[in-house]
Amino acid sequence: MQNKDPKITKAMVNREVVHAKTVVRSIFFALVGIAILVASFFWEQNTENMLVAVSGEVEFVEDTLFIPDNAYIVAEEGEIAELLTLEEKDGAYLISMENEGRIWGNFGNSFSLVNISVEGKLVVVPTFSYFDLEYKGGVVTLNSYMGNTYVGFLVGGFDQFEYMNEYSKSFGNIQLVPSGARVKIPLSRVDERISKLLPFKLIKEVGYSFISSKSYEDDFVRENLKKSFKFSEDLKEVKREDFYDSAPAGVSSALSDLLRENLIMFESKEEEFYMTKLDKHLYEAVSSYDSDVVKASLKAFSADYDKIPSDLVENGFGKQFVLRWLSDLVVFESVDSEYKVFESVLDNAVDLFELPYLLSVRLSRYNVGLYEEEDVDDIYRAYYKGIEKLFGYTDDVVQYKRFLSFYNQVLDMLLLQHSDIYTKEAFTMKRALENELYSLYYGGELKEEAKQSFVRRKIDFLKKLKRFFFEEEVGLSEARSVISILVEDLDDYMPTRTSENAVIGLFERELTDIGNFWGYINDIEYSKSSLYGSSHKERYAVYLEEKDQVLSILDVQRDVLGDVVQSMSPSEVALDIRAKLEGVGAKNVRVEMPASVTQRYIRVAAVLGGHVFDAEYDRDYGTVKNVYAYGSLLSGASVKLTALEEFLFGSLVDVVEDTNISIDEEASMETNAQKIAKSIIAKKLVEAGFGVDMEDVEVIDPVNAVYRVNDVLVEEEGEAVTISFDYLANEASVENLFILKEGEGVNISGEFPLDDLRRLVLSGKY
């Protein structure tokens, strides 16, 4: 049906359009308002939570525990209060994790003194770090994503009653977990034994390794890393606003300051005066973008700080003042302009705190730069310079050794993660730190263990260098210089000419192609020419294919060290092994001449405790394996030389235990050894088909394990033959055979396997 009034229709339509526009506009503004309201709510919630952490109060909020001084802990599941308990003691926070669960710790910007104990067996000590801590099935797993986190071990029934830092001597032992590292610790292993482990062995015990790439993809980790970095940025803005709000409106005159300084009569007023004065300088510096103003303000701060009366310093004024400012400034990284002010406050605090603590605080501000791989070479240099300033800072050898071990581990981790620092300068710094640490080990087994640890780490660096090089992250000149300095260091710790552990053999095993790699980077024709490929990987493949000579680590050493390295000759190697066996009482030692100086396993034979044995000597570890005596395999596993005599006696007694021979405790060792030997030989002959007992066996040559067997009857199908022969136990063979058959005797020359003797005799074909 048609509308008969078009005017009315148009008006109606116009009104409807206007109405629709109004509705849409209202809805739009309503949505905008709601969005603003929601955003404001979440911002306020976020800000509120952040301010809780900034405040001086502890607060449990659903899955999060807020700790004063910019720190918090988040539980993966459930209420945080159900997982953690907290005790505040003397300004520190002692947290217990007694139920299984997983937490994220954000202490990247916090001076809070926090210990997190698990089942009273280990204590996590965060120092400006982000970490993921899980306790499940009796195993503690800790991943340190940024900064240094420490794990202290409580042994011997020790109950924690106060805050303990990384240098606390109440810990049975302590392990550093630097940025990018993880540990996995079964609590069942935390006992008295762990307290005796040196840092080098403790690392192996706690399952120390790199954080896997898979761990970074974990939802719990990814979300908390994101939140932690945002939290830091928000803190910066809060602190900057506070600085601007607190900055002095005007500058007082030098005359008025002088008058006030000399007219102060009460200590409280004196504190207020100096606090106001020092605050003014720092607020001016931290709120200015003018470098000249910052420089002048910090200079004035240092000058006035030195004027603080000694009585105020002794009463703790200086320490309180410094901590207040450091707590505000610690949120800024080394790339922020406020860091200069932070450093100035630290520089003036050297007499107020332990030097390792101040160094830890200073270096913590480089954490973000390391995590994001920004200017890593500069950061590494800053790390070392800070450490170097503390060389010899204390006479407490235990603490000093721990300090150097921690930071040596930090530099190790940096070098294994960042290709930017594969330079001669970086490894020269590392050498200086290692030398300082090594000097604290005075000798014996501990010094050898330290030496071995350094050697193995340098092998790790060589492997990593090769990978970085072929990934085009390290250049030719850097690769040459780094290899050179590492080889020099290795020669210092395990010189080839005197090495008891055959460092050459170790290299051959661990670095099978380091010689070829060295040859390539020094061969300009291949390493720099695009004719052989567009990348080092391609050119190296061609180099290996076309080069006739295969280089070894020994060639690298000769190139790097020149005539300093005097490689042992094969005969010198044999003499060295002989001396070691004679050193444990072995006689009549025979050593197989090695085919080359790189040969790890060398055949040896000797008499020890009256027993003849042969074995393979392991040059790397100074042990023997595949130990044979009288033709019997006693051990395929390694046996220490110092334990070899006892091992031989015990093992051989076990071999003949079913023969009922008597071992006379008062008899000489040689006499008992002969009894055991004759019993073993008799047993072997019986197994070969001959009717023999030990009385039929005569010892001819105990050194070479030669025995005479007389008048043995051999029978088969009515045929009877009597034989006598010499048995060579080491070769399980027979010689000097005499056969008596039907009154006629025949001498047989030559050497025959024992297994063939019976068949040979009965065949009649001599």
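The values are calculated or read from the model by the stated rules, or taken from the named source; none is laboratory data. These numbers were taken from a predicted model, which means no experiment stands behind them. Please note: Cβ atoms are built from the backbone with ideal geometry, for glycine as well, and neighbour counts cover all protein chains shown.
Residues K424, K458, K463: which one is within 16 Å of L490 (Cβ to Cβ), surrounded by 15 or more Cβ atoms within 10 Å (Cβ to Cβ) and out of contact with any strand residue (DSSP E or B) (no Cβ under 8 Å at 6 or more places or on another chain)?
Details: K424 fails: surrounded by 15 or more Cβ atoms within 10 Å (Cβ to Cβ); K463 fails: surrounded by 15 or more Cβ atoms within 10 Å (Cβ to Cβ).
Testing whether each residue is within 16 Å of L490 (Cβ to Cβ), surrounded by 15 or more Cβ atoms within 10 Å (Cβ to Cβ) and out of contact with any strand residue (DSSP E or B) (no Cβ under 8 Å at 6 or more places or on another chain) leaves just K458.
Kindly establish whether F42 is closer than 18 Å to N115 by Cα and either loosely packed, with under 14 Cβ neighbours inside 10 Å or at pLDDT 90 or above (or both).
Numbers: closer than 18 Å to N115 by Cα: no; either loosely packed, with under 14 Cβ neighbours inside 10 Å or at pLDDT 90 or above (or both): yes.
In short, no.
Quick check: anything in segment 343-366 of a type outside the set (V, I, T), outside the structural domain of D328 (by TED's automatic domain parsing) and touching a Ser or Thr at 6+ places or on another chain (Cβ under 8 Å)?
No; the residues of segment 343-366 include none that is of a type outside the set (V, I, T), outside the structural domain of D328 (by TED's automatic domain parsing) and touching a Ser or Thr at 6+ places or on another chain (Cβ under 8 Å).
Can you find, within segment 585-606, the residue that is surrounded by the fewest Cβ atoms within 10 Å (Cβ to Cβ) among those that are over 35 Å from the mean Cα position of the chain (by Cα) and of a type in the set (V, I, T)?
Ranking the candidates gives V589 first.
Which strands (runs of 3 or more DSSP E) sit wholly inside segment 713-754 and have at least 1 residues that are more than 60 Å from the chain's Cα centre (by Cα) and closer than 15 Å to V697 by Cα?
719-728, 733-741
Taking segment 274-283, which residues are more than 43 Å from the chain's Cα centre (by Cα) and either touching a residue at least 40 places away in the same chain (Cβ under 8 Å) or surrounded by fewer than 22 Cβ atoms within 10 Å (Cβ to Cβ) (or both)?
Once the filter is applied, which keeps residues that are more than 43 Å from the chain's Cα centre (by Cα) and either touching a residue at least 40 places away in the same chain (Cβ under 8 Å) or surrounded by fewer than 22 Cβ atoms within 10 Å (Cβ to Cβ) (or both), segment 274-283 yields Y274, M275, T276, K277, L278, D279, K280.
Considering only strands (runs of 3 or more DSSP E) fully contained in segment 92-169, which possess at least 3 residues that are touching a strand residue (DSSP E or B) at 6+ places or on another chain (Cβ under 7 Å) and within 20 Å of F406 (Cα to Cα)?
Ranges flagged: 113-118, 122-136, 139-153.
Looking at segment 175-220 only, could you name the residues that are in a helix (DSSP H, G or I), surrounded by fewer than 18 Cβ atoms within 10 Å (Cβ to Cβ) and among the aliphatic types (A, V, I, L, M)?
Matches in segment 175-220: L187 only.
Give the residue that is surrounded by the fewest Cβ atoms within 10 Å (Cβ to Cβ), with candidates limited to residues of segment 140-163 that are of a type in the set (A, V, I, L, M) and modelled with pLDDT of 95 or more.
Residue satisfying both the conditions and the ranking: V140.
What pairs come out if I take residues in segment 197-226 that are touching a residue at least 40 places away in the same chain (Cβ under 8 Å) and pair them with residues that are surrounded by 15 or more Cβ atoms within 10 Å (Cβ to Cβ) and basic (K, R) whose C-beta lies under 6 Å away, six or more apart or interchain?
These pairs meet every condition: I211/R182.
Here is a check on your reading of the model: is V653 surrounded by fewer than 15 Cβ atoms within 10 Å (Cβ to Cβ), modelled with pLDDT of 80 or more and either on the phi > 0 side of the Ramachandran plot or in a helix (DSSP H, G or I) (or both)? Write out each step before concluding.
On the way: surrounded by fewer than 15 Cβ atoms within 10 Å (Cβ to Cβ): yes; modelled with pLDDT of 80 or more: no; either on the phi > 0 side of the Ramachandran plot or in a helix (DSSP H, G or I) (or both): yes.
It is false that V653 is surrounded by fewer than 15 Cβ atoms within 10 Å (Cβ to Cβ), modelled with pLDDT of 80 or more and either on the phi > 0 side of the Ramachandran plot or in a helix (DSSP H, G or I) (or both).
Would you pick out the residues in segment 251-306 that are at pLDDT 90 or above and polar (S, T, N, Q)?
Selection gives S297, S302.
Grab the helices (runs of 4 or more DSSP H) fully contained in segment 351-470, keeping just those with 1 or more residues being within 25 Å of G172 (Cβ to Cβ). Spell out how you get there, then give the answer.
Details: elements: 355-364, 367-371, 376-388, 397-417, 424-438, 444-470.
Hits in segment 351-470: 355-364, 397-417, 424-438, 444-470.
Considering segment 467-477 alone, what residues qualify as being surrounded by fewer than 21 Cβ atoms within 10 Å (Cβ to Cβ) and within 25 Å of the chain's Cα centre (by Cα)?
So in segment 467-477, the residues surrounded by fewer than 21 Cβ atoms within 10 Å (Cβ to Cβ) come out as 467-468, 470-473, 475-477.
Listed by number, the residues that qualify are R467, F468, F470, E471, E473.
Which ones in segment 431-454 are without any contact (Cβ under 8 Å) to a residue 24 or more places away in the chain and of a type outside the set (F, W, Y)?
Result: N435, S439, G443, G444, E445, K447, E448.
Determine the pairs where a residue that is in contact (Cβ under 8 Å) with a residue 40 or more places away in the chain, located within segment 284-296, has a partner that is among the β-branched types (V, I, T) and crowded, with 18+ Cβ neighbours inside 10 Å with Cβ atoms under 8 Å apart, the partner being 6 or more residues away or on another chain.
A285/V294; A285/V341; V286/V341; V294/V341
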